[in-house]
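No lab work stands behind these numbers, since they all come straight from the coordinates. The structure displayed is predicted, hence computed values, not measured ones. Here the Cβ is made from the backbone with ideal geometry for all residues, glycine too, and neighbour counts use every protein chain on show.
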Amino acid sequence: MRLYYPDHEALTALNGSNFELILDVPNSDIQRIASNQSEADTWVDNNVRNYTKGVRFRYISVGNEVNYSDTSAGFVLPAMRNMERAVSDLGIKVSTTIGTSGFNWFPPSDALFTSNFRIFIDPVLSFLVIKKSPLLVNIDTYFTYVNTRDLSLEYALLTSNKTLFSDGSYSYRDLFLTLLDTMYAALEESRAGSVKIVVAESGWPTSGGTAASEDNARTYVNNLIRIVKSGSPRRPELPIETYLLLDFDVSFQNNC
């Protein structure tokens, strides 16, 4: 499960549950937490330590899809360092969440982060390598589908039973694994191939846009649950740790 901000009612409701949780530090809090260690310690005391007896915190995400041009971009890594020190005794990994817009994605083997994005992400990746923490990635196949010409719906909904294209020795029949392996290839090109990817968000909208429906959302989620058990062509030995985004409206998310 993922909480995009510290929702204390939700944290209380999760007490005693078996859910593993990603908890986000909102983008608006990043600069403050980066400013000094006491801010990170206080944030963790209020939003994590008060709930650790009953809630299974797995990751802290410092920000969600921070863009290299955002004012908070330069504060992400200092905030991650402060947050990592604040939770060092709790066994919680600290990372940040990125989207799939910061790199060229086809074919996967040619993937690389854009030069501007690398200025932001390379120091973050070095931190993740040292700490053996994963990179959290939102793989929103729906938005790639609607914003890219000539992508078939079956490719996006993960329903194809045949290989749609090959990339060297790797074969692909769905968009989710294509985007995931694109990210792995970009990590390798950035000398961060040891970093594991955790899919922090993936789903399909039930309304509000092209091909958005409850049936398509159900189809996507069911196929995704099946696919993530087996790994990707580039990482077949690793089941894909994935957090589902359920029942969302395109128009609502675009306005968030």
| Are there chymotrypsin sites (Phe, Trp or Tyr not before Pro) in the range 5-71 that DSSP marks as loop and that have at most 14 other Cβ atoms within 10 Å, and which are they? | Phe19
| With charges only on Cβ, +1 for K and R and -1 for D and E, what is the dipole size of the chain about its Cα centre, in debye, rounded to 20? | 700 debye
| Using only helices, what value at 222 nm comes out for the chain when you add -39,500 (n - 2.57) per DSSP H run of length 4 or more and divide by the total residues, to the nearest 500 deg cm²/dmol? | -11000 deg cm²/dmol
| request: For the chain, compute Rh as the Kirkwood radius over C-alpha pairs and then the Stokes-Einstein diffusion coefficient at 37 °C and 0.692 mPa s; write the answer in µm²/s, rounded to an integer. | output: 173 µm²/s
| note | Taking Cα atoms, the helix 76-86 axis meets the longest principal axis of the chain at an angle in degrees (rounded to 10) of 50 degrees
| note | Dividing the mean separation of Cα pairs under 8 Å (6+ apart) by the residue count of the chain yields a relative contact order in percent of 15 percent
| Going by the alpha-carbon gyration tensor, a ≥ b ≥ c the square roots of its eigenvalues, is the range 144-256 rounded (a/c under 1.5) or, if a/c is not under 1.5, prolate (a/b greater than b/c) versus oblate? | prolate
| task | Would you kindly state how much longer the chain becomes between Ile119 and Ser101 on full extension, computed as 0.36 nm times their sequence separation minus their alpha carbon distance, in nm to one decimal? | result | 5.0 nm
| note | To the nearest 10 degrees, the tilt of helix 175-189 (Cα long axis) against the first principal axis of the alpha carbons of the chain is 60 degrees
| request: Please list the non-local residues whose amide H lies under 5 Å from the amide H of Gly63, H modeled 1.01 Å from N, same-chain partners needing a gap of 5 or more. | output: Val25
| query | When Ile119, Ile98 are ordered from fewest to most other Cβ atoms inside 10 Å of their Cβ, what list results? | reply | Ile119, Ile98
| said: What does DSSP give for the range 119-256 in terms of the percent of beta bridges that are antiparallel, rounded to the nearest 5? | reply: 25 percent
| said: Exceeding 28 Å between C-alpha atoms, which entries from my cross-link table qualify? They are Lys53/Lys132; Lys162/Lys229; Lys53/Lys229; Lys93/Lys162. | reply: Lys53/Lys229; Lys93/Lys162
| task | Return one number: the angle in degrees, 0 to 90 and rounded to the nearest 10, between the long axis of the Cα atoms of helix 37-47 and the longest principal axis of the Cα atoms of the chain. | result | 70 degrees
| query | Taking K and R as +1 and D and E as -1, what net charge do the other residues with C-beta under 9 Å from the C-beta of Leu112 add up to? | reply | -1
| remark: Extension length gain for Leu164 and Lys131 (0.36 nm per residue less Cα distance), in nm, is 8.2 nm
| field | Cut-off 13 Å between beta-carbons: net charge of the residues surrounding Asp24, Lys and Arg +1, Asp and Glu -1 | value | -2
| field | Candidates per trypsin sites (Lys or Arg not before Pro) in the range 1-69, loop by DSSP, up to 14 other Cβ within 10 Å | value | Lys53
| field | Amide proton proximity set for Leu238, modelled H, under 5 Å, gap of 5+ | value | Ser232
| query | Among Ser232, Ser95, what is the fewest-to-most ranking by other Cβ atoms within 10 Å? | reply | Ser232, Ser95
| note | Any trypsin sites (Lys or Arg not before Pro) in the range 193-247 that lie in a DSSP loop and have at most 14 other Cβ atoms within 10 Å would be Lys229
| Hey, with R₀ at 41 Å, roughly what FRET efficiency would Asp215 and Thr42 work out to, going by the Cβ-Cβ distance, to 0.05? | 0.35
